[in-house]
Structures are given as C-alpha cells and as structure tokens.
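The values are calculated or read from the model by the stated rules, or taken from the named source; none is laboratory data. Please read these numbers as outputs of a predicted model, since none were measured by experiment. Neighbour counts run over all protein chains shown; Cβ positions are idealised from the backbone, glycine included.
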Amino acid sequence: MQPLFIGSHLAADFLNTAFEPYGEHVEVIGDGKALLEWLQAAGVMNADEAARLARKLGAKGLDAAAAEVRKLREWARAWLMRWRSAPAKDYAVELEYLNDLLESLNIRHEVARTREGLERVTRFQIGTTDELLAVLASALADLVTQEDPGLLKSCAGESCTLWFLDRTKAHRRMFCSAAGCGNRAKVAAFRERQREQ
C-alpha cells in the first residue's frame with residue numbers, strides 16, 4: 001500500500017499509516033521494511049540512513065521497531081482525539097509519556113546549500129528504536145504545542161478515517177482529499193437532490 005501524505009503535518013501523516021476505507025483495515029507499516037519505506041517517503045530519513053538503520057537493527061529488530069511504532073501511533077490517535085475536543089485538560093500522564101520518549105531525541109545541526117542559499121538544517125540521528133520513537137514523538141509534540149486543536153480534523157467522507165491539519169485560509173476543509181472523498185460527497189449530494197425532484 002502506498003503511504004498517504006495528505007495530513008499537512010507529519011503527526012497527521014503518521015496517524016494515517018493505518019486507516020479503514022469502507023471498513024477494511026489498511027496497515028502501511030506492517031513490518032520493518034514497510035516502516036523504513038514510510039520513513040523515507042515522509043522525509044524523516046534518506047536511503048543511506050535507512051540502510052544504516054536496517055544493518056544496525058537487522059530484520060527482526062526492524063520488525064520489533066515497527067510494532068513499537070504502531071503502538072505509539074494508536075496511543076497518539078486516542079490521545080489526540082481527546083486533545084481535539086478538550087485541549088485545556090491537564091493531560092499530565094500523556095505529557096509525561098511524551099516527554100519520556102523525547103529524552104531519546106538525537107539531533108544534529110548542519111549547514112546545507114538550498115535553492116535559497118545556505119541554510120541551517122536539523123537532522124535526526126536514528127540508530128535505535130528509542131531514537132526512532134523520539135522522532136515521531138517530536139512530531140506529536142510540535143503538533144500539540146504549535147497547532148490549533150480545532151484544526152486537526154478527521155475526514156467527513158463516508159467511511160473515511162483519515163486525519164489532516166486544516167491549513168486552508170478559511171479553515172473549512174472537510175475532506176482528506178477534494179478529488180477523493182470531497183468529490184464522492186458532491187456526487188452523493190447531487191444524486192440525492194435528483195431523487196427529491
């Protein structure tokens with residue numbers, strides 16, 4: 001399954017690594033190999049970094065890392081559902097867990113040439129499962145500290161379980177994709193109007 005990057009934020013895209021179109025469960029990171037593919041597609045690591053991690057952890061280690069990542073994703077999904085509806089709540093237990101994960105965050109800064117010129121960039125160092133979980137925890141931390149909880153939305157499409165951060169100017173985005181769920185909703189509404197005439 002091709003990963004979906006329609007969330008407008010790494011944390012939302014992380015949640016979208018498992019979804020249920022029309023009740024059928026789709027798992028994007030079912031094993032270690034799929035996890036590495038998703039991390040590269042998401043821009044978390046490049047091919048050389050992924051190959052290094054694969055050599056270091058081995059196939060069994062990568063599969064175990066994928067299982068830990070899936071656990072983190074489901075924990076995050078449950079917490080973010082609560083956070084969206086009650087952002088002012090204390091969440092002491094959740095923040096303690098998130099902070100525990102962030103302790104393993106290993107980053108380095110370097111100067112890189114970009115189209116605009118020289119730029120200071122942050123690179124994640126991922127050599128262990130804990131460091132990998134910390135990178136994903138960092139994305140979750142960015143979401144809850146820098147974004148409006150009301151803009152983290154679930155698709156309004158029938159049978160769609162995808163998440164996105166609504167970055168539209170008017171904040172009226174309702175669907176994961178205008179071409180997919182949005183179009184289906186328009187067609188369904190049109191057909192309903194035709195039946196009523």
Selection from the range 1-58 of residues at positive phi and small (Gly, Ala, Ser) yields SER8, GLY23, GLY43, GLY58
Contact list, first residue from the range 79-98 and modelled with pLDDT of 90 or more, second anywhere and outside any helix (DSSP H, G or I), beta-carbon distance below 6 Å, six or more apart or interchain, is ARG84/LEU152
Of ASP130, ASP142, the only residue that is part of a helix (DSSP H, G or I), touching a residue at least 12 places away in the same chain (Cβ under 8 Å) and within 16 Å of the chain's Cα centre (by Cα) is ASP142
Taking the range 1-50 and keeping only residues that are over 12 Å from ALA66 (Cβ atoms), assigned to a helix (DSSP H, G or I) and more than 14 Å from the chain's Cα centre (by Cα), one is left with PRO21, TYR22, GLY23, ALA47, ASP48, GLU49, ALA50
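Take the residues in the range 128-175 that are among the β-branched types (Val, Ile, Thr) and under 30 Å from ARG55 (Cβ atoms), then tell me which one is surrounded by the most Cβ atoms within 10 Å (Cβ to Cβ). Walk me through how you get there before you give the answer.
Step one: of the range 128-175, the residues among the β-branched types (Val, Ile, Thr) are 128-129, 135, 144-145, 161, 168.
Now narrow it down to the ones that are under 30 Å from ARG55 (Cβ atoms): 128-129, 135.
Details: THR128: 16, THR129: 19, VAL135: 22.
Ranking the qualifying residues of the range 128-175, first place goes to VAL135.
Of the residues ALA64, ALA51, ALA59, which single one is more than 22 Å from ILE6 (Cβ to Cβ) and either in contact (Cβ under 8 Å) with a residue 40 or more places away in the chain or among the β-branched types (Val, Ile, Thr) (or both)? Working first, answer last.
Working: ALA51 fails: either in contact (Cβ under 8 Å) with a residue 40 or more places away in the chain or among the β-branched types (Val, Ile, Thr) (or both); ALA59 fails: either in contact (Cβ under 8 Å) with a residue 40 or more places away in the chain or among the β-branched types (Val, Ile, Thr) (or both).
Just one listed residue meets the conditions, ALA64.
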Within the range 113-127, of all residues that are modelled with pLDDT of 90 or more and touching an Asp or Glu at 6+ places or on another chain (Cβ under 7 Å), the one surrounded by the most Cβ atoms within 10 Å (Cβ to Cβ) is ILE126
